[in-house]
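The values are calculated or read from the model by the stated rules, or taken from the named source; none is laboratory data. Everything quoted here is computed from the prediction, not taken from an experiment. Cβ: placed from backbone, ideal geometry, glycine included. Neighbour counts: every protein chain shown. Please note that ligands, DNA and RNA were not included when accessible areas were found on the heavy atoms of the full protein model with its side chains. Shrake-Rupley method; radii C 1.70, N 1.55, O 1.52, S 1.80 Å.
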Amino acid sequence: MKFVFDIDGTICFDGKTIDVSICEVFDELLKAKHEIVFASARPIRDLLPILPEQFRQLPMVGGNGAFTYECGNIQVEYFKNDILQQLLACIHSNQLTYLADSDWDYAFTGDTNHQVYINIDKTRAKNRDIAELQQICKLILFHPTEEVLHEILKLPVSVVAYKNEHAIDISPLGVNKVKGLHKLKIDEFIAFGNDSNDQCLFEHAIHSVCIGNHDVQRYATETINRAEIPATIRKIMKKLEE
């Protein structure tokens, strides 16, 4: 069976590491011939550093579906140019701060104390002027007004709102984590997540687990706390063996 794991707030709680107890049960999953896929809002660039070495060649979906990673190869889905120009016009007219991601480098103008910025792997990527990014596949707007949100929702794009981060995450139309899984030829899976961008995973999984009490938990099969993650994975493994 394929087990799909979101990263932040699901298996990573400090933005940097995955607990040893979770890594141990991941080793058990792989030993039992199950497959692990990581699916995150982070681009692949920022996913790789937090994964222990033995998990860095596993399949991944990044940028809420804009990136896929398999056998060391990254595939990216970008905004169409006309849509991108409208997004950039909205940014400039409303003087918004943002994070724009290309295939590897990025453009960031927000608060450097924001968790999104802290999570960027700055050792292997450059913060460029947005005009220097040849193509853009993902855009986070910080502190957008209701008017800005209304304007963005008129465009043919995919939008995820993060209330706690006071930000909206914009991707090309139709891009989400499930579409990323489909690009990896994954249709049947068990999902673990915790945020609004995991709703599509919960809705398409054969079994889904929400970590913590969040609005998205109503779409999940079950809700657990972070301490229960290893035991829950082992419970599901045991059921699959029956």
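Given the condition open to solvent by 80 Å² or more (accessible area, probe 1.4 Å), under 24 Å from ASP19 (Cβ atoms), among the hydrophobic types (A, V, I, L, M, F, W, C) and not in a strand (DSSP E or B), answer yes or no: does some residue in the range 224-235 qualify? Within the range 224-235, one or more residues are open to solvent by 80 Å² or more (accessible area, probe 1.4 Å), under 24 Å from ASP19 (Cβ atoms), among the hydrophobic types (A, V, I, L, M, F, W, C) and not in a strand (DSSP E or B).
Would you confirm whether any residue within the range 31-43 is touching a Lys or Arg at 6+ places or on another chain (Cβ under 8 Å), surrounded by fewer than 16 Cβ atoms within 10 Å (Cβ to Cβ) and part of a helix (DSSP H, G or I)? Looking for residues that are touching a Lys or Arg at 6+ places or on another chain (Cβ under 8 Å), surrounded by fewer than 16 Cβ atoms within 10 Å (Cβ to Cβ) and part of a helix (DSSP H, G or I), one finds none in the range 31-43, hence no.
Taking the condition within 16 Å of ASN197 (Cβ to Cβ) and either at pLDDT below 95 or surrounded by 21 or more Cβ atoms within 10 Å (Cβ to Cβ) (or both), does GLY63 pass? So GLY63 fits the description; yes.
Taking the criterion of being under 16 Å from the mean Cα position of the chain (by Cα) and aliphatic (A, V, I, L, M), the residues of the range 86-107 that qualify are LEU99, ALA100. Within the range 45-69, being part of a strand (DSSP E or B) and over 14 Å from VAL4 (Cα atoms) holds for one residue alone: PHE67.
Okay, residues lined up against (1) without any contact (Cβ under 8 Å) to a residue 12 or more places away in the chain; (2) over 19 Å from the mean Cα position of the chain (by Cα):
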| site | (1), (2) |
| --- | --- |
| LEU139 | no, no |
| GLU146 | yes, yes |
| TYR219 | no, no |
| GLU222 | no, yes |
| LYS235 | yes, yes |
| GLU242 | yes, yes |
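Restricting the search to helices (runs of 4 or more DSSP H) fully inside the range 114-209 and requiring at least 2 residues that are open to solvent by 40 Å² or more (accessible area, probe 1.4 Å) and out of contact with any Phe, Trp or Tyr (no Cβ under 8 Å at 6 or more places or on another chain) gives 115-118, 146-153, 177-183.
Confirm whether GLU222 is at pLDDT below 95 and among the charged types (D, E, K, R). When the stated conditions are applied, GLU222 does not pass them.
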